[in-house]
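Peer 1: Before anything else, here's the structure in question.
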Amino acid sequence: MVLSNKRRNIIIASMLLTALVFRLFVLWKYGLSLTLHSDDMGYVRSGKILLEKGMLIYHSMNEPTVHIMPGMPILLAAVFFIFGTGSVGLYAAKVVMILFGTASVYLIYVIGKDINQEWAGIIAGFFTALFVPLIETDNLTLTEPPFLFGFLLFIHFAIQLGRNHNMSTFYWLMFSYLFCLLFRATFALIPFALLGYLLLIQYPLRLAWKQLGVAVLLVLIVLGPWWVRNYVHYKEFIPLTGGSGDPLLLGTYQGYGYRYGEPYKEVIQKINEQYPHISNYEKQKLEKQIAIERIKKWYHVNPKQFIESYTTKKAKAQWEQPFYWIEILGVPKAAVVSLHQWIVSLAFASVALTLFLFKRHRKELLFFIFIIAYFTILNNVFFAYPRYNLPLMPLLFLYIGLLVSAIARMFFRKKATSS
């Protein structure tokens, strides 16, 4: 069914208003009390210190950090510069997160429209607007809201670039890539998923090499100051972050990993006792070394259990639970878990079915699969955790929207034929 401009505008406005109202209502109801007392407060503290002292910190107030990318502290420092570091500034920061979340609702609709499936985009948009874990996360000062916005922007411009080959679209694609990279180091290798898509659509090779050269230059310009800053503090070339040791070590205790070596708490306790004055970066390097030794031992003793743990068991750990730490709006966690599992099951079934139902856009659908596979495999390497897959949920909603719209189209076509 083709939408008129008036009807389309009403639907889009309703979708965005739904997203904004629910998120603002949560902010009004819970205010600053809605917090994980974890990473969200760590970013707030980092943003305040960056504004006050010009130093990027995370764990220690007096230790320059390479544990996180600088995007979130810079964003929060900018908000605090305008609104102050008190309650008003914290409310303003949450509003900024809410605006990112609302913009993401629009972007998943746009991606549906990009593949000429507007109704699928509308369904995905309303799912994204109403999914309680996303509403909650948009009320926390975490990297998820800005990252999701940049991530969906990246997908949109990747599809556009595949069609028009314009340099202006390429620059927007690079903007979204670098924007995401400043918030999450795990986005660094996503160009491999993009490469798979460009090969599928037979992107002009000569133009690709030219744009690759420009891309490398842009990465050097944007990340160059970060590299210099890291070298000044640690006398090492640290391209992104130095915080992978702990998640790598934690990942060795998932699946069957608990059977090998000392418990995680004892390992950390020994490091703290033996090296009480080392920096967090040095501690991360020690954890990485221990993790690698555990992986070698585990694989040597039982390769079958190792492979199973780092594939199916970790993938299950990522996808079987939602990231929903705090119950809000009277919605119990059990209900959200049940809904999440239903969504994931339906979405993955839709992934297979839509490849047959939408042959004209199979290449774009495969691109989405490449992205989902990239993050799932990458998270399997480290600590498999539902939070890391939260930005992928709108893509799952889009797959569900595609399946629903395809079924609806067949139903109305059959009904029209019979009448």
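We did not get these values from a lab; they are worked out from the coordinates using the rules stated. A quick note: this is a predicted structure, and the numbers were derived from the prediction, not measured. Positions of Cβ are generated from backbone atoms using ideal geometry, with glycine treated the same way; all protein chains shown enter the neighbour counts.
Peer 1: How much length would be gained if the chain were fully extended between Glu262 and Leu218, taking 0.36 nm per residue of separation minus their Cα-Cα distance, in nm to one decimal? Before the final figure, lay out the partial values.
Peer 2: Working: separation 44, 0.36 × 44 = 15.84 nm, distance 4.46 nm.
Roughly 11.4 nm would be gained on extension.
Peer 1: Percentage of Cα-Cα pair distances in the stretch 288-337 greater than 16 Å, rounded to whole percent? All intermediate terms of the calculation are to be shown ahead of the outcome.
Peer 2: Working: 725 of 1225 pairs.
That tail contains 59 percent of the Cα-Cα pairs.
Peer 1: Quick one: length gained pulling Ala13 to Ile292 fully straight, 0.36 nm per residue minus the C-alpha distance?
Peer 2: Details: separation 279, 0.36 × 279 = 100.44 nm, distance 5.11 nm.
Taking Ala13 through Ile292 to full extension adds about 95.3 nm, to one decimal.
Peer 1: If R0 is 35 Å, what FRET efficiency do you get for Val337 and Val301 from their C-beta distance, rounded to 0.05?
Peer 2: Values: r = 34 Å, r/R0 = 0.97.
Calculated transfer efficiency: 0.55.
Peer 1: Order of 371-382, 111-122 by packing, highest average Cβ count within 10 Å first?
Peer 2: Details: 371-382: 18.2, 111-122: 21.5.
Put in order of decreasing packing, that is 111-122, 371-382.
Peer 1: Now a separate question. Using Cα springs under 10 Å in a Gaussian network model of the chain, which residue among Gln202, Gln305, Gln160 shows the largest mean-square fluctuation?
Peer 2: For the chain, modelled as a Gaussian network with Cα springs under 10 Å, the answer is Gln202.
Peer 1: Using per-residue counts of other Cβ atoms within 10 Å, averaged over each peptide, order 268-274, 102-108 from highest down.
Peer 2: Details: 268-274: 12.4, 102-108: 24.4.
Sorting 268-274, 102-108 by mean packing, highest first, produces 102-108, 268-274.
Peer 1: While we're looking at this one, here's another question. Exceeding 25 Å between C-alpha atoms, which entries from my cross-link table qualify? They are Lys210/Lys363; Lys29/Lys314; Lys48/Lys94; Lys113/Lys359; Lys265/Lys285; Lys270/Lys296. If you can, show how the numbers build up before the last one.
Peer 2: Numbers: Lys210/Lys363 23 Å; Lys29/Lys314 36 Å; Lys48/Lys94 15 Å; Lys113/Lys359 16 Å; Lys265/Lys285 17 Å; Lys270/Lys296 21 Å.
The pairs that break the limit, which is 25 Å between Cα atoms, are Lys29/Lys314.
Peer 1: In deg cm²/dmol, rounded to 500, what helix-only [θ] at 222 nm does the chain give when every DSSP H run of at least 4 residues adds -39500 (n - 2.57) and the total is split over its residues? Intermediate results must be reported in sequence, preceding the final value.
Peer 2: Details: 18 runs with 300 residues, N = 419.
-24000 deg cm²/dmol, from helical runs alone.
Peer 1: Between Ile57 and residues 5 or more places away or on another chain, which pairs have amide H atoms under 5 Å apart, with H built 1.01 Å from N, and which residues are they?
Peer 2: Counting only residues 5 or more places away or on other chains, the set is Leu50, Thr65.
Peer 1: Figure the gain on full extension for Arg229 and Leu32 (residue separation times 0.36 nm, minus the Cα-Cα span) and round it to one decimal in nm.
Peer 2: Values: separation 197, 0.36 × 197 = 70.92 nm, distance 3.30 nm.
Full extension of this stretch gives 67.6 nm more.
Peer 1: Here is a further query. For the chain, list the DSSP H helices whose alpha carbon atoms reach 15 Å or more along the long axis and whose average Kyte-Doolittle value is 1.0 or above? The partial results should precede the final answer.
Peer 2: Values: long enough: 5-30 (37 Å, 0.77); 39-53 (20 Å, -0.50); 71-83 (18 Å, 2.52); 87-114 (40 Å, 1.33); 118-130 (18 Å, 1.38); 144-164 (29 Å, 0.85); 167-181 (21 Å, 1.35); 205-234 (41 Å, 0.97); 264-274 (16 Å, -1.22); 280-301 (31 Å, -1.29); 333-357 (35 Å, 1.61); 362-381 (28 Å, 1.28); 393-418 (38 Å, 1.05).
Membrane-span-like by this criterion, though nothing is claimed about a membrane: 71-83, 87-114, 118-130, 167-181, 333-357, 362-381, 393-418.
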